[in-house]
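This is the structure I have questions about; it appears just below.
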Amino acid sequence: MASKFLGLLAALPICINAAPNLLPRQDSGNTATVDLSVGARRGAPQNLASGVLYGIPDDPTQIPDHFYSDMGFNYARIGGAQLEQGGWIEGIDAYYARFNNTRDNYFQARKFGAKVIVLPHDIWGTDHANDSTVWPGDNGDWTNYDQYLDQLLGDLKANDMLDGLVYDTWNEPDGGFFWKRSQAQYLDLWSRTYQRIRQDTDLAEVLISGPSYAGTPNTGNDWWTNWAARIVADNTIPDQYTWHDEPGDVAVDMPQWQSIRSQYSLPDKEININEYATFDQQISAGAAWWISRLERYNLRGLRGNWLSGWQLRDFLASLLTKTDTNDYTGTGYAGNGEFNVYKYYHNNMTGERATTTGAGDGVMDVYATVDSDKARVLTGVLNKQGTWFITLNNLSALGLSASGVLNIQTWGFDDAGHFGAVAGPSDRGVYGHQYDGDTVTFPVYQTSQDEKTAWGFEFAVGG
Ligand SMILES: *[C@@H]1O[C@H](CO)[C@@H](O)[C@H](O)[C@H]1NC(C)=O
Ligand SMILES: *[C@@H]1O[C@H](CO)[C@@H](O)[C@H](O)[C@H]1NC(C)=O
Ligand SMILES: *[C@@H]1O[C@H](CO)[C@@H](O)[C@H](O)[C@H]1NC(C)=O
Ligand SMILES: *[C@@H]1O[C@H](CO)[C@@H](O)[C@H](O)[C@H]1NC(C)=O
């Protein structure tokens, strides 16, 4: 079988005779590292990347529960997007169609203990709006928006939806799609909404998040700098800072964000990349790359969602497929390749997180955990073919000797497309790597046959 043959390739050591001529030079640009030392442990895994934008069907019982628990589902972001009924701007019935959908999704998410980000721009109906429809604060008149807030906040209370709730002030006001008015009008909306929620003691436990910009933090982006200045001036600093990476890279974002934060003396708060990954990055390898990066910076993340219509509100943001993907009420759900990556991340990567570095080229990254029986390294190469390397340092911290042979089991997280069912990872075999100096380096082959495959490397820890 092809997979057996490739399994051997994936496990090739760098020391065998034929290999050195085939392998590119190993350097920091193409090598990710894992520090296994005890002092470099980073706490128990919390599956920071296991959130989903939309993806829950209108009938919340439709996807069997185990799919949610298998993937470690812990964050939802919902608002009845792309329902036929256009929300608040189309009247109270259309508002309730979206509110009810949000309510049903909320209780489904809470069954798994997930936090729930509510999207007021969806319940407003921005996907049915345009330049000519009413927007909050038009002509300086906030009456309609205030009524909307009273209605929505009142309904959230009346329906007992405050536990675990995050109120995401307005989605992507900078992106051109979900806000058709000025930046100044948006900043007024921000402060008005924040103050309205914080004046209501019933809502004290509700977290406020934002700005959920489409544009990543940048000191040269005045949506960011004017927002930072405004929230300091008005004392309307959210509980959770949010933005989107579609595309994007948190390794690039974080220094920019820290610059903005220090320039405006903003307090440190939880960060949630509440939409991450483009559609072409939603492959097994991409999932592992994103998990590695979000975990490194301790960032929460929710998978972006690139499906449309009712499919947007199904499939857990392209983690599932079903027997008939055109059937709204379809059954026969199955996980795709990415689903297996999240399942392994959740169920198998137990113990404590290790400190890692990604390859210097930004293309390959690793997430690693150490438990009492095994250490595990999840690896993703982002949409590129070639050869990369992983170096594991401080092996003796796991009770292993400083030199010898390390037997590493390789799992291939195959990918068969967004709607391609994959039963589970493929066993690519065990290879014994010679090492000394308390460190081992081994290659990762991202071949054309395996261009979307993520990798799991496992080895037993010493006694
Ligand atoms: C090995 O562990 C020590 C102690 O935690 C640490 O100082 C050192 O940086 C580690 N070495 C590598 C190469 O990660
Ligand atoms: C919303 O749910 C309420 C309570 O279940 C129900 O009375 C109402 O008819 C629903 N409205 C719509 C538009 O679905
Ligand atoms: C704007 O949206 C309204 C309400 O959906 C619709 O009636 C109108 O035709 C739209 N205008 C434009 C220019 O698309
Ligand atoms: C992950 O853990 C489950 C449950 O313990 C186990 O059945 C499965 O074989 C493990 N998968 C891998 C790839 O190790």
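Here, each number is a calculation from the coordinates, and none is a lab measurement. Note that this is a predicted model, so its numbers are computed, not measured. All Cβ positions, glycine included, derive from the backbone under ideal geometry; neighbour counts span all protein chains shown.
Helix 222-233 versus the longest principal axis of the chain: what is the Cα-based angle in degrees, 0 to 90, to the nearest 10?
Its long axis makes an angle of about 70 degrees.
I'd like the distance separating the alpha-carbon centroids of the range 113-129 and the range 398-463, in whole Å.
40
Cross-link candidates for K384: which aspartates and glutamates have Cα within less than 20 Å, leaving aside residues fewer than 8 places away along the same chain?
Within reach: D27, D245, E246, D249, D280, E338, D361, D365, D414, D415, D450, E451.
Once both axes come from the Cα atoms, what is the angle between helix 250-263 and the longest principal axis of the chain, in degrees from 0 to 90, rounded to 10?
It is inclined by approximately 50 degrees.
A further question follows. Which lysines, on any chain, are close to K115 with Cα under 27 Å apart, when same-chain ones fewer than 8 places away are left out?
Here the lysines satisfying the reach criterion relative to K115 are K157, K269, K322, K343.
Treating the angle as unsigned and between 0 and 90°, give the value, to the nearest 10°, between the Cα long axis of helix 143-158 and the longest Cα principal axis of the chain.
Approximately 60 degrees, to the nearest 10.
Provide the per-residue ³J(HN,Hα) series for the range 283-296, in order, calculated from phi with Karplus coefficients 6.51, -1.76, 1.60 and θ = phi - 60°, each as a whole number of Hz, with x at glycine and proline positions.
Result, rounded to whole Hz: 9, 3, 4, x, 4, 5, 5, 5, 4, 4, 6, 4, 5, 4.
Turning to a different aspect of this structure: Determine the percent antiparallel among the DSSP beta bridges restricted to the chain, to the nearest 5.
Antiparallel bridges make up about 60 percent of those DSSP assigns within the chain.
Could you please rank D371, D253, D438, placing first whichever residue has the fewest other Cβ atoms within 10 Å of its Cβ?
D371, D438, D253
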